[in-house]
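Participant: The structure that follows is given in the form of C-alpha coordinates.
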Amino acid sequence: CFLVSASLIACTNQETKPAFDLANAKNEIEAANAAISEIIAKGDSVGMASAFSSDGAVMLNNMPSMQGKDKLTTVWGSSIRAGVSKIERSTTEVWGDENYITEEGLYVIKTKDDVQIDKGKYIVLWKKEDGKWKLHRDLSNSDLPLATK
(Lines give C-alpha, C1' and ligand atoms only; values in the text may rest on other atoms or scores of the structure.)
Protein backbone atom coordinates (compact mmCIF):
# COMPACT_ATOMS: atom_id res chain seq x y z
CA CYS A 1 0.00 0.00 0.00
CA PHE A 2 1.11 3.53 -0.57
CA LEU A 3 -0.19 7.00 0.16
CA VAL A 4 -1.60 8.67 -2.95
CA SER A 5 -2.82 11.84 -1.24
CA ALA A 6 -3.47 12.92 2.29
CA SER A 7 -6.80 11.04 2.40
CA LEU A 8 -6.39 8.21 -0.16
CA ILE A 9 -4.32 5.08 0.24
CA ALA A 10 -3.92 2.74 -2.73
CA CYS A 11 -3.07 -0.94 -2.37
CA THR A 12 -2.08 -3.37 -5.02
CA ASN A 13 -2.61 -7.07 -4.87
CA GLN A 14 0.82 -8.68 -4.99
CA GLU A 15 -0.68 -12.10 -5.76
CA THR A 16 -1.37 -12.65 -9.43
CA LYS A 17 -3.26 -15.51 -10.94
CA PRO A 18 -0.95 -17.77 -12.96
CA ALA A 19 -1.37 -17.45 -16.70
CA PHE A 20 -3.46 -20.14 -18.34
CA ASP A 21 -1.22 -22.76 -19.92
CA LEU A 22 -2.86 -24.02 -23.12
CA ALA A 23 -0.06 -26.53 -23.80
CA ASN A 24 -0.61 -28.10 -20.38
CA ALA A 25 -4.37 -28.14 -20.95
CA LYS A 26 -3.79 -29.94 -24.26
CA ASN A 27 -1.78 -32.58 -22.39
CA GLU A 28 -4.64 -32.96 -19.90
CA ILE A 29 -7.15 -33.33 -22.77
CA GLU A 30 -4.98 -35.96 -24.45
CA ALA A 31 -4.73 -37.85 -21.14
CA ALA A 32 -8.53 -37.68 -20.80
CA ASN A 33 -8.85 -39.08 -24.33
CA ALA A 34 -6.55 -41.98 -23.38
CA ALA A 35 -8.73 -42.64 -20.32
CA ILE A 36 -11.83 -42.61 -22.56
CA SER A 37 -10.20 -45.23 -24.80
CA GLU A 38 -9.63 -47.42 -21.73
CA ILE A 39 -13.23 -46.95 -20.58
CA ILE A 40 -14.56 -48.03 -23.98
CA ALA A 41 -12.18 -51.01 -24.08
CA LYS A 42 -13.64 -52.14 -20.73
CA GLY A 43 -17.19 -51.84 -22.13
CA ASP A 44 -18.11 -49.35 -19.39
CA SER A 45 -21.02 -47.19 -20.56
CA VAL A 46 -21.52 -45.70 -17.07
CA GLY A 47 -17.85 -44.71 -16.96
CA MET A 48 -18.19 -43.20 -20.40
CA ALA A 49 -21.19 -41.12 -19.31
CA SER A 50 -19.14 -39.98 -16.29
CA ALA A 51 -16.48 -38.57 -18.64
CA PHE A 52 -19.05 -35.90 -19.57
CA SER A 53 -19.89 -32.73 -17.66
CA SER A 54 -23.04 -32.68 -15.57
CA ASP A 55 -24.90 -31.17 -18.54
CA GLY A 56 -22.81 -32.78 -21.29
CA ALA A 57 -24.17 -33.98 -24.62
CA VAL A 58 -23.08 -36.20 -27.49
CA MET A 59 -24.03 -35.30 -31.06
CA LEU A 60 -23.46 -38.29 -33.34
CA ASN A 61 -24.50 -39.13 -36.88
CA ASN A 62 -28.02 -40.35 -37.56
CA MET A 63 -29.48 -39.57 -34.15
CA PRO A 64 -30.64 -36.59 -32.12
CA SER A 65 -28.38 -34.93 -29.57
CA MET A 66 -28.31 -36.88 -26.31
CA GLN A 67 -27.84 -35.01 -23.05
CA GLY A 68 -27.76 -36.18 -19.45
CA LYS A 69 -26.12 -39.13 -17.71
CA ASP A 70 -28.98 -41.59 -18.36
CA LYS A 71 -29.13 -40.87 -22.08
CA LEU A 72 -25.33 -40.86 -22.38
CA THR A 73 -25.15 -44.23 -20.62
CA THR A 74 -27.75 -45.59 -23.04
CA VAL A 75 -25.98 -44.22 -26.13
CA TRP A 76 -22.59 -45.61 -25.10
CA GLY A 77 -24.13 -48.91 -23.98
CA SER A 78 -25.75 -49.28 -27.41
CA SER A 79 -22.45 -48.51 -29.14
CA ILE A 80 -20.59 -51.05 -27.02
CA ARG A 81 -23.23 -53.74 -27.64
CA ALA A 82 -22.98 -52.96 -31.38
CA GLY A 83 -19.30 -53.88 -31.28
CA VAL A 84 -17.43 -50.67 -30.52
CA SER A 85 -14.51 -51.53 -28.28
CA LYS A 86 -11.74 -49.16 -29.43
CA ILE A 87 -11.85 -45.44 -30.02
CA GLU A 88 -8.61 -43.80 -31.05
CA ARG A 89 -8.63 -40.01 -30.91
CA SER A 90 -5.90 -37.83 -32.32
CA THR A 91 -5.92 -34.16 -31.33
CA THR A 92 -5.02 -31.79 -34.15
CA GLU A 93 -5.69 -28.45 -32.46
CA VAL A 94 -6.93 -26.93 -29.21
CA TRP A 95 -7.91 -23.42 -28.22
CA GLY A 96 -9.68 -21.88 -25.29
CA ASP A 97 -9.21 -20.75 -21.72
CA GLU A 98 -9.23 -22.07 -18.17
CA ASN A 99 -13.00 -22.78 -18.32
CA TYR A 100 -13.58 -24.21 -21.80
CA ILE A 101 -11.26 -25.83 -24.34
CA THR A 102 -12.28 -26.64 -27.89
CA GLU A 103 -10.51 -29.67 -29.33
CA GLU A 104 -10.43 -30.58 -32.99
CA GLY A 105 -9.25 -34.00 -34.03
CA LEU A 106 -9.54 -37.24 -35.95
CA TYR A 107 -10.99 -40.52 -34.72
CA VAL A 108 -10.95 -44.18 -35.64
CA ILE A 109 -13.46 -46.66 -34.20
CA LYS A 110 -12.67 -50.38 -34.13
CA THR A 111 -14.09 -53.64 -32.88
CA LYS A 112 -12.33 -55.85 -30.33
CA ASP A 113 -10.89 -57.77 -33.32
CA ASP A 114 -9.24 -54.54 -34.51
CA VAL A 115 -11.61 -54.17 -37.49
CA GLN A 116 -12.12 -50.51 -38.37
CA ILE A 117 -15.82 -49.68 -38.48
CA ASP A 118 -15.61 -45.89 -38.74
CA LYS A 119 -13.23 -42.98 -39.05
CA GLY A 120 -13.79 -39.28 -39.18
CA LYS A 121 -13.31 -35.97 -37.48
CA TYR A 122 -14.63 -34.39 -34.32
CA ILE A 123 -14.96 -31.22 -32.32
CA VAL A 124 -15.22 -31.50 -28.55
CA LEU A 125 -15.96 -28.64 -26.22
CA TRP A 126 -14.36 -29.53 -22.89
CA LYS A 127 -15.59 -27.94 -19.67
CA LYS A 128 -13.56 -27.64 -16.47
CA GLU A 129 -15.72 -29.18 -13.75
CA ASP A 130 -14.52 -29.95 -10.23
CA GLY A 131 -10.93 -29.36 -11.35
CA LYS A 132 -11.09 -31.86 -14.24
CA TRP A 133 -11.69 -31.49 -17.96
CA LYS A 134 -14.99 -33.12 -18.88
CA LEU A 135 -16.55 -33.64 -22.30
CA HIS A 136 -19.25 -30.99 -22.57
CA ARG A 137 -20.29 -31.22 -26.23
CA ASP A 138 -18.98 -34.08 -28.35
CA LEU A 139 -19.74 -33.66 -32.06
CA SER A 140 -18.36 -36.01 -34.67
CA ASN A 141 -19.03 -37.08 -38.21
CA SER A 142 -17.80 -39.90 -40.37
CA ASP A 143 -15.48 -39.69 -43.36
CA LEU A 144 -16.95 -42.91 -44.74
CA PRO A 145 -19.55 -42.74 -47.54
CA LEU A 146 -23.19 -43.41 -46.71
CA ALA A 147 -24.17 -47.04 -47.00
CA THR A 148 -26.31 -47.70 -50.04
CA LYS A 149 -28.56 -50.63 -50.87
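The values are calculated or read from the model by the stated rules, or taken from the named source; none is laboratory data. Keep in mind the model is a prediction, meaning the values are calculated, not measured. Positions of Cβ are backbone-derived with ideal geometry, glycine not excepted, and every protein chain shown enters the neighbour counts. We work out accessible area using only protein heavy atoms, side chains counted, and drop any ligands, DNA or RNA first. Shrake-Rupley method; radii C 1.70, N 1.55, O 1.52, S 1.80 Å.
Participant: Give me the net charge of K86's neighbourhood, meaning all other residues with Cβ under 13 Å from the Cβ of K86; Lys, Arg count +1, Asp, Glu -1.
Facilitator: Every neighbour counted, the sum reads 0.
Participant: Under the rule of at least 5 residues apart or a separate chain, name every residue whose amide H is placed under 5 Å from the amide H of D118.
Facilitator: I109
Participant: Let me ask something else about it. Could you give the dipole magnitude of the stretch 1-148 about its Cα centre, charging the beta-carbon of Lys and Arg +1 and that of Asp and Glu -1, in debye to the nearest 20?
Facilitator: 360 debye
Participant: Counting alpha carbon pairs within less than 8 Å and at least 6 residues apart, what relative contact order, in whole percent, applies to the chain?
Facilitator: The normalised contact order for the chain reaches 20 percent.
Participant: Among L72, G96, A34, whose Cα projects farthest towards the positive end of the dipole of the stretch 28-149, with charges put on the beta-carbon of Lys, Arg (+1) and Asp, Glu (-1)?
Facilitator: Most positive-ward Cα: L72.
Participant: Throw me the Rg/Rh for the stretch 5-128, computed over C-alpha atoms with Kirkwood Rh, two decimals.
Facilitator: Result for the stretch 5-128 is an Rg/Rh of 1.19.
Participant: Sticking with this one: Counting Lys +1, Arg +1, Asp -1, Glu -1, what net charge surrounds L144 among other residues with beta carbon under 10 Å of its beta carbon?
Facilitator: -1
Participant: Past the 22 Å Cα-Cα mark, which pairs from K112/K149; K71/K134; K26/K71; K86/K149; K26/K127; K110/K132?
Facilitator: With Cα atoms farther than 22 Å apart: K112/K149; K26/K71; K86/K149; K110/K132.
Participant: Still on this structure, please answer the following. Any aspartates and glutamates with Cα under 17 Å of the K69 Cα? List them, leaving off those in the same chain fewer than 8 positions away.
Facilitator: Straight-distance partners of K69: D44, D55, E129, D130, D138.
Participant: Ok, one more. Just to make sure I understand: if all protein chains stay in place, what is the order of L106, L125 by accessible area at 1.4 Å, largest first?
Facilitator: So, going from the largest accessible area down, we get L106, L125.
Participant: Express in whole angstrom the spacing between the alpha-carbon centres of the stretch 72-137 and the stretch 51-65.
Facilitator: 10 Å
Participant: Given the peptides 126-139, 58-71, arrange them by the average over their residues of other C-beta atoms within 10 Å, most packed first.
Facilitator: So the order, starting with the most tightly packed, is 126-139, 58-71.
Participant: Here is a further query. Report the local net charge at K110: Lys and Arg +1, Asp and Glu -1, summed over other residues whose C-beta lies under 10 Å from its C-beta.
Facilitator: Local charge sum for K110: -1.
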